[in-house]
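As structure tokens, the structure follows; a few thoughts come after it.
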Amino acid sequence: MAVRFEQIQDCQQTNARLGRLHTPHGTIETPIFMPVGTLATVKTMSPEELKAIGSQIILANTYHLYLRPGHEIVREAGGLHTFMNWNRPILTDSGGFQVFSLSKLRKITEEGVSFRSHLSGEPLFLGPEQAMEIQNALGSDIAMAFDECAPYPADREYVRQSAERTVRWLKRCKEAHQRTDSQALFGIVQGGMYPDLRVENAKAIVDLDLPGYAIGGLSVGESKEQMYEMISHTTPYLPKDKPRYLMGVGSPDALIRGVMLGIDMFDCVLPTRIARNGTAMTSQGRLVVKKAEYARDFTSLDPECDCYTCTKYTRAYIRHLVKADETFGLRLISYHNLHFLLQLMTKVREAIRNKQLPEFANRFLTQYYGSDE
Ligand SMILES: COC(=O)c1ccc(CCNc2nc3cc4nc(N)[nH]c(=O)c4cc3[nH]2)cc1
Ligand SMILES: [Zn+2]
């Protein structure tokens, strides 16, 4: 069996749980945040730095690697782990989301999606079989099913048709799955913002008896309350003894609330994406280091952080680098932001272990978002 999930401890007051996810490239303590390495790199970070901040698993993207450098080159390199010098677990997204969010001129049929490359404009096609072939070449430990992440907002009839097709696509992914002993296929539950469609889709996806399940079609512009509502309608139909992965999430509050709703795995581009415009996540909330007020601030980004960035550099120095467009500034903030979210999940696991999650959540969120939010 490629991937096996162990439930270690439940939380009495919420649906949170401690778990262990055993994969061919190592064991992952859950709940977990997965840094996003779309193009076979977590932007500006080396594998050694990722390990130094405690990253246990990273995400890469089928769509992007299919377009560039092409999955055949990665296969010839010996797979993604060798190609990018990362010997821990890798989860690959299937392209289901990226093809809809990045490419132009796309056409969806029962077969799959025809689209034009957002890089070269060349006509391309992705369907369940192609997505599984690419992920087979990449050799990820966890391969996501090829699905349609319905646009938001979308009318009920569209969402119903799309979710039903996603189930038919999942069956084809399962048929096309080759490395069943070294790569796990996770299904993805859709259903838009319609609770009854979410439940119906969850039941159909779980019927295929897979090693893990994701909740898709969220973090697409809906309100956080809507997102939490859809999660709470879905998790009761996902087996407790399998990992639950909320795709594209997220921010500190969404991670904590997601854990309390029973989610085990998360991914988001946020930490490296906001670093690009000089924004750091700190224990006191977001800090835009470019602001003039930090020009002579010789304290660290986050007074409560012990990471390399916060022990060796000051806000004034990082502000200078970002203003001068020096990539080292981007590296320092990315390193800290990733450390911040990975550290948050370490504290969340500790709080579940000590039966203190609600208290920890209130303390952290009040400090991060301020009591008025
Ligand atoms: C500064 O912050 C940012 O730039 C930024 C950008 C995008 C997201 C949203 C990411 N949301 C998201 N990613 C997703 C990936 C998905 N993959 C598949 N296969 N199926 C889905 O149904 C799906 C849904 C998602 N929702 C969040 C933050
Ligand atoms: Zn730090």
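The values are calculated or read from the model by the stated rules, or taken from the named source; none is laboratory data. The structure presented is a predicted model; accordingly, all values stated were derived computationally and were not measured. Neighbour counts are summed over all protein chains in view; Cβ atoms, including those assigned to glycine, are modelled from backbone coordinates with ideal geometry. Please note that ligands, DNA and RNA were not included when accessible areas were found on the heavy atoms of the full protein model with its side chains. Shrake-Rupley method; radii C 1.70, N 1.55, O 1.52, S 1.80 Å.
What do you reckon, is SER300 within 16 Å of ligand 1 (Cβ to nearest atom) and either of a type outside the set (A, V, I, L, M, F, W, C) or crowded, with 17+ Cβ neighbours inside 10 Å (or both)? Here the answer is no, as SER300 does not meet what is asked. The sole residue among GLU293, GLU222 that is part of a helix (DSSP H, G or I) and either near ligand 1 (Cβ under 10 Å from one of its atoms) or modelled with pLDDT of 95 or more (or both) is GLU293.
Of LEU91, LEU126, LEU119, all but one fail to be touching a helix residue (DSSP H, G or I) at 6+ places or on another chain (Cβ under 8 Å), under 24 Å from GLY216 (Cβ atoms) and not small (Gly, Ala, Ser); the exception is LEU126.
THR314: among the hydroxyl-bearing types (Ser, Thr, Tyr), modelled with pLDDT of 95 or more and loosely packed, with under 14 Cβ neighbours inside 10 Å, yes or no? No; evaluated as a whole, the condition is false for this residue. For the stretch 42-93, a tally of residues being polar (S, T, N, Q) and under 24 Å from PHE146 (Cβ atoms) returns 3. Looking across THR27, THR38, one residue alone is out of contact with any helix residue (DSSP H, G or I) (no Cβ under 9 Å at 6 or more places or on another chain) and among the hydroxyl-bearing types (Ser, Thr, Tyr). It is THR27. Could you check, for the stretch 230-249, whether at least one of its residues is in contact with a Phe, Trp or Tyr (Cβ under 9 Å, 6 or more places away or on another chain), within 14 Å of ligand 2 (Cβ to nearest atom) and at pLDDT 95 or above? For the stretch 230-249, residues in contact with a Phe, Trp or Tyr (Cβ under 9 Å, 6 or more places away or on another chain), within 14 Å of ligand 2 (Cβ to nearest atom) and at pLDDT 95 or above: absent.
Tally time: how many residues in the stretch 323-351 are within 16 Å of ligand 1 (Cβ to nearest atom) and either touching a Phe, Trp or Tyr at 6+ places or on another chain (Cβ under 9 Å) or open to solvent by 10 Å² or more (accessible area, probe 1.4 Å) (or both)?
Residues meeting the conditions: 5.
The listed residues are ASP267, ASP241, and the only one of them that is charged (D, E, K, R) and under 15 Å from the mean Cα position of the chain (by Cα) turns out to be ASP267.
Look at the stretch 293-307: where a residue is more than 10 Å from ligand 2 (Cβ to nearest atom) and a partner is in a loop (DSSP other than H, G, I, E, B), sitting 6+ places away or on another chain with Cβ atoms under 9 Å, you get TYR294/THR314; ASP297/VAL289; ASP297/THR314; PHE298/THR314; THR299/THR314.
Restricting attention to strands (runs of 3 or more DSSP E) lying wholly within the stretch 50-121, give those where 1 or more residues are within 16 Å of ligand 2 (Cβ to nearest atom) and modelled with pLDDT of 95 or more.
Those strands (runs of 3 or more DSSP E) do not exist here; none qualify.
So is GLN367 of a type in the set (S, T, N, Q), closer than 24 Å to CYS11 by Cα and within 16 Å of ligand 2 (Cβ to nearest atom) or not? So GLN367 passes the test.
In the stretch 133-157, the residues that are farther than 30 Å from GLU76 by Cα and within 16 Å of ligand 2 (Cβ to nearest atom) never reach a residue that is part of a loop (DSSP other than H, G, I, E, B) and among the hydroxyl-bearing types (Ser, Thr, Tyr) with C-beta atoms less than 8 angstrom apart, at least six apart or across chains.
If you scan the stretch 148-178, which residues turn out to be open to solvent by less than 10 Å² (accessible area, probe 1.4 Å) and in contact with a strand residue (DSSP E or B) (Cβ under 9 Å, 6 or more places away or on another chain)? Result: GLU148, SER162, ALA163, THR166, LEU170, CYS173.
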